[in-house]
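What follows is calculated from the coordinates using simple rules that are stated; it is not laboratory data. Keep in mind the model is a prediction, meaning the values are calculated, not measured. Glycine also receives a Cβ, built like all others from the backbone with ideal geometry; neighbour counts cover every protein chain displayed.
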Amino acid sequence: MREIAPEPPAVVRNDVAAIQELYKNVVPSYARFDLAISHGAGSYVFDVTGKRYLDLGGGIAVCCIGHANPEITEALVQQSKKIVHISNLYYNEPQGRLAREIVNALAPGKVFFCNSGAEADEGLFKLARKFGHDEGRFEIITATNSFHGRTLAGISATGQPKVKKGFEPMVQGFREVPYNDLDAMRAAISPATAAILVEGIQGEGGINVAAPEYLLGLRQLCDEQKLLLMIDAVQCGHFRTGRFQSFQRILENVPHAQGFLPDAIAMAKSIGGGFPMGAFWVRNKYADLLSAGTHGTTFGGTPLACAVALKVMEVIQRDKLADNARSTGSYLKTELERLASKFPDIVKTVRGLGLLLGFELAPGIPAFAKSERAPSIQFVNKLHELGLLAIPAGNQVIRLLPPLNLSRREAEEGVQLIEAAIAKLRA
């Protein structure tokens with residue numbers, strides 16, 4: 001008779017140490033903070049000790065309509081009663097409806113659904129290679145401080161040496177040049193170049209916003225050189241800046257920008273509001289390059305994922321959350337700039353748009369001198385002590401990526417907690 005392994009013992013101590021002990025079975029590929037989160041509600045999460053935190057990290061720009069949103073729950077339940085998964089060998093209505101919503105928010109084109117931002121970027125890599133294949137063009141030029149996922153091709157495309165370390169040699173066909181430098185991009189183009197890939201706002205790279213003239217110049221350059229212009233909007237997209245895509249917000253009221261359109265856009269994070277999902281859109285001219293058999297996925301675009309994403313889109317539009325991202329984001333940015341003016345020895349600069357904001361810490365803060373940890377990590381730990389979650393970006397920048405329905409009261413609370421953390425550093 002086959003021996004049945006006993007079930008693992010239940011967690012009897014509801015504390016951080018007990019949960020951390022369970023993680024001895026988890027690959028240690030993350031440097032985790034000493035928090036064990038139990039549950040969430042709206043803009044707040046709670047750890048296993050019952051402590052409440054205002055979450056201005058939003059699961060790194062994922063939980064765009066808050067934690068435990070009842071409308072997401074209802075969409076999950078109702079769709080799961082019908083069908084959860086069906087192969088992409090068949091049609092399903094939620095996938096078609098979601099594709100239509102995305103196309104309507106952008107321009108005529110087609111959408112491929114996948115499971116993550118890394119997969120969406122991989123789709124763009126393949127699109128570029130397919131586009132340039134017959135002419136022997138395969139190279140994609142990206143930007144310094146960019147981030148394009150953790151796959152081998154993704155880290156090869158990423159403009160940050162730290163993510164490449166230990167995984168050399170890199171995938172052939174990627175080169176990087178300084179961000180917001182049109183001349184550098186022009187000089188880097190070679191006979192092998194097929195595409196340019198940039199973020200509208202670099203998130204992991206420190207909340208660096210593309211200049212309007214940079215985006216317009218890239219479009220003109222790609223048209224002149226017959227290249228694809230591709231945008232990675234995994235973090236900066238899905239209404240986070242106050243428009244569906246960040247380039248739409250950046251180019252608002254800019255002369256001669258009305259007709260601007262990239263050739264392809266990668267999306268993920270907020271698109272599923274917490275449910276794992278990614279997608280990429282391709283404009284009509286190139287929408288059939290990836291024909292049957294050239295690209296695929298088992299789980300991309302399931303009825304369940306698409307039903308949730310449709311609900312997220314509905315809530316954002318119904319509740320005018322793009323407008324809230326603008327107004328609440330403007331309030332937060334103004335307040336952070338006030339803190340930078342008041343405490344220049346702690347906060348150096350503030351940047352970003354909507355609810356994709358970052359503030360850069362001043363160099364040489366004495367309170368951080370005794371630790372080898374990055375100042376951004378140390379500052380975030382101070383925020384944790386006070387009951388606020390934020391996300392580090394590199395060594396010096398703190399990111400704020402809250403839900404799009406963050407209220408003014410919650411934003412005010414966040415500012416108060418950040419100011420309190422600054423005061424502790426100066427004490």
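The table for this structure:
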read-out	value
Rounded to the nearest 20 debye, dipole of segment 71-318 from Cβ charges on Lys, Arg, Asp, Glu	460
Paired Rg and Dmax values of the chain, which use every Cα atom, in angstrom	22.1, 77
The chain - mean residue ellipticity at 222 nm from DSSP helices (-39,500 (n - 2.57) per run, n ≥ 4, rounded to 500)	-11000 deg cm²/dmol
Burial ordering of I141, I271, I365, fewest other beta-carbon atoms within 10 Å first	I365, I141, I271
Long-range amide H partners of L388 with built H, under 5 Å	L54
Links that overshoot a 31 Å alpha carbon limit, given the list K269/K424; K110/K269; K24/K82; K126/K165	K269/K424; K24/K82
Mean separation of Cα contacts under 8 Å, 6 or more apart, over the residue count of segment 71-318: relative contact order %	29
Other-chain or far-sequence residues with amide H under 5 Å of E199's (modelled H)	D232
Placed amide H near F174: partners under 5 Å, 5+ positions off or other chain	I140
Likely footprinting exposure, H133, H384, H256, fewest C-beta neighbours within 10 Å first	H256, H133, H384
Neighbourhood charge, 11 Å Cβ-Cβ cut-off, centred on G414 and excluding it, Lys, Arg +1 and Asp, Glu -1	-4
In order through segment 212-220: 3J(HN,Hα) via Karplus (6.51 cos²θ - 1.76 cosθ + 1.60), integer Hz, x for Gly, Pro	x, 5, 5, 4, 5, x, 5, 5, 5
Under the Karplus curve 6.51 cos²θ - 1.76 cosθ + 1.60, θ = phi - 60°, whole-Hz ³J(HN,Hα) for segment 74-85, x wherever Gly or Pro sits	5, 4, 4, 5, 5, 5, 5, 6, 8, 6, 8, 9
Backbone HN-Hα couplings from phi across segment 388-397 [Karplus 6.51/-1.76/1.60, Hz, Gly and Pro as x]	9, 9, 9, 10, x, 9, x, 7, 10, 10
Listed residue (V312, A325, T298) projecting farthest to the positive dipole end of segment 274-427, Cβ model	A325
Too-long pairs where the Cα-Cα distance tops 27 Å, listed order kept, from K162/K348; K162/K382; K162/K320	K162/K320
Percentage relative contact order, the chain, counting C-alpha pairs under 8 Å, at least six apart	20
Residues R409, R373, sorted so that the one with the fewest Cβ neighbours within 10 Å comes first	R409, R373
